[in-house]
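S.K.: Have a look at this one.
The values are calculated or read from the model by the stated rules, or taken from the named source; none is laboratory data. From a predicted model like this one, the values you see are computed outputs, not experimental measurements. Just the protein is used for accessible areas: all its heavy atoms, side chains included, with ligands, DNA and RNA removed. Shrake-Rupley method; radii C 1.70, N 1.55, O 1.52, S 1.80 Å.
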Amino acid sequence: MTFGFAPSTGSLHPASADTTSRLGRTLEPSEWAAAGIPLLRNPREVVSGLHARHHPEPATAVVAVLDAEERLTASASFARRSVVADGWEFRNALLAHLRRVVPHDLRRRTPVRTAVLLYCRDGDERWTEEDGAWMWGLRDACTLHGLRCGAYITLTRSGWQVLGEGRGGRRPSTGSRPSGLAEAAAEAEPPPPRSGGGAAEALRRVAAR
């Protein structure tokens, strides 16, 4: 962050003005966390399903629309084409693909469906300026399409992570083999409850009465 007096608008170099505009089209992790983004009930299931459907490689974005029950309604994947991390460019790309796969919900008083974004990239799971631009783009695209802004998920070589939530896993990752949809659903299912323990024994005693 730079401290001091800002020059007048007329003295800004075009390149500096463009950089300033781009920095305004990004969201910091704290801003994203304060935006009230709804939590996914089963993020592993969402990530595994999108990975199985689209097989994303680095610099690939997958935007998906979920219904009120968190079932996948539509999804689309595309490669990042913008040279710089610009939230405005990302917003336009997301909006164009949303318009192709699902009608808007602008007539609804409150959004019913939720859009989530899975972005496959190089590097580790730590937040980057590029992530901030995608967050800004997702939030703005959802507003313009009448959707609720949902989770932003990164997919890297070390695994996947829901930014702003601290939830993630090692599979799938950019290096993992794309699984079939049935296999992805099986991996996403929570493990069966243990048969032993005091709680299970108490339930058996209640059932025996």
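S.K.: What accessible area per residue, rounded to a whole number of Å², is obtained for the stretch 91-175 using a probe radius of 1.4 Å?
M.R.: Accessible area per residue, the stretch 91-175: 48 Å².
S.K.: Please work out, to two decimal places, the log10 of the ratio I(q)/I(0) at q = 0.22, 0.23, 0.24 Å⁻¹ from a Debye calculation in which every Cα of the stretch 44-156 carries one identical scatterer.
M.R.: -1.26, -1.37, -1.48
S.K.: On a 1.4 Å probe surface of the protein chains, which of HIS145, HIS104 comes out largest in accessible area, and what is the full order?
M.R.: I get HIS104, HIS145, largest accessible area first.
S.K.: For the stretch 46-55, just list the computed ³J(HN,Hα) in residue order, Karplus coefficients 6.51, -1.76 and 1.60, θ = phi - 60°, integers in Hz, with x standing in for Gly and Pro.
M.R.: Computed from phi, the couplings for the stretch 46-55 are 5, 5, 4, x, 5, 5, 5, 7, 10, 6 Hz.
S.K.: Residue by residue through the stretch 75-87, what is 3J(HN,Hα) from phi via Karplus (6.51 cos²θ - 1.76 cosθ + 1.60, θ = phi - 60°)? Round to whole Hz and write x for glycine and proline.
M.R.: Computed from phi, the couplings for the stretch 75-87 are 7, 8, 10, 7, 8, 5, 10, 5, 5, 9, 7, 10, x Hz.
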